[in-house]
Amino acid sequence: MEKVLKAGHPDHFIEIRSGQFELKSNNAVCPYLAKDLSCSIHELRPQACRAWPVHVRLKDGEREYLLMDCLLTPKLSEGDLREMKGQAARIRTENIENSFRCSRLSKPEIDLIEKRFRRFKNRPMK
Ligand code: SF4
């Protein structure tokens with residue numbers, strides 16, 4: 001967050017717990033998404049965005065890595081996927097635990113985000 005603000009980008013972060021931030025939402029759309037659908041903070045994007053299309057979640061207390069089937073996925077090499085899984089591995093467990101539990105987003109926005117998310121097929125990664 002500090003790097004984004006230091007670079008002069010607008011502040012779209014909200015603190016959900018001490019030292020943990022989430023992005024505010026414009027009707028369930030990231031505020032850093034540019035009109036041309038690029039990321040306006042690409043070089044400084046959050047860890048979960050760096051990891052995409054690898055998604056990490058907790059299942060029975062253990063980390064589970066899922067490869068999401070989006071338009072980008074077939075274009076990635078095995079090396080790319082290893083790199084993205086490495087990015088996902090850097091996401092702190094408490095951030096995974098708290099992301100939706102402590103979210104300040106409205107219930108309809110969370111429902112909409114989850115609905116979009118469920119549209120992607122996924123498969124566990126080794
Ligand atoms: S990559 Fe992340 S920060 Fe950038 S527009 Fe997409 S969701 Fe927002």
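The values are calculated or read from the model by the stated rules, or taken from the named source; none is laboratory data. Not measured: the values here are computed from a predicted model. Note that each Cβ is placed from the backbone with ideal geometry, even for glycine, and that neighbours are counted across all protein chains shown.
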**Message:** For region 1-14, give me each residue that is of a type in the set (A, V, I, L, M), closer than 21 Å to GLU94 by Cα and either surrounded by 16 or more Cβ atoms within 10 Å (Cβ to Cβ) or within 12 Å of the ligand (Cβ to nearest atom) (or both).
**Reply:** MET1
**Item:** Members of region 71-108 that are at pLDDT below 90, of a type in the set (A, V, I, L, M, F, W, C) and over 14 Å from the mean Cα position of the chain (by Cα)
**Value:** CYS102, LEU105
**Residue selected from region 15-25 under the condition over 14 Å from ILE110 (Cβ atoms) and of a type outside the set (Phe, Trp, Tyr), by the criterion farthest from the ligand (Cβ to nearest atom)** = SER18
**Request:** Would you confirm whether any residue within region 106-114 is under 23 Å from LYS3 (Cα atoms) and not hydroxyl-bearing (Ser, Thr, Tyr)?
**Result:** no
**Prompt:** Name the pairs whose Cβ atoms lie under 7 Å apart, with the first residue in region 98-126 and surrounded by 10 or more Cβ atoms within 10 Å (Cβ to Cβ), the second at pLDDT 90 or above and assigned to a helix (DSSP H, G or I), and 6 or more positions between them or separate chains?
**Reply:** MET125/LYS85
**Prompt:** Considering region 37-66 alone, what residues qualify as being away from the ligand (no atom under 11 Å from the Cβ) and assigned to a loop (DSSP other than H, G, I, E, B)?
**Reply:** PRO53, ASP60, GLY61
**Fill in**
Flagged pairs (Cβ under 9 angstrom, 6 or more apart or on separate chains; first in region 23-45, among the β-branched types (Val, Ile, Thr); second assigned to a helix (DSSP H, G or I) and surrounded by 15 or more Cβ atoms within 10 Å (Cβ to Cβ)) are ILE41/VAL4; ILE41/CYS49
**Scope region 84-97; condition of a type outside the set (S, T, N, Q) and loosely packed, with under 15 Cβ neighbours inside 10 Å; matching residues** = GLY86, ALA89, ARG90, ARG92, GLU94, GLU97
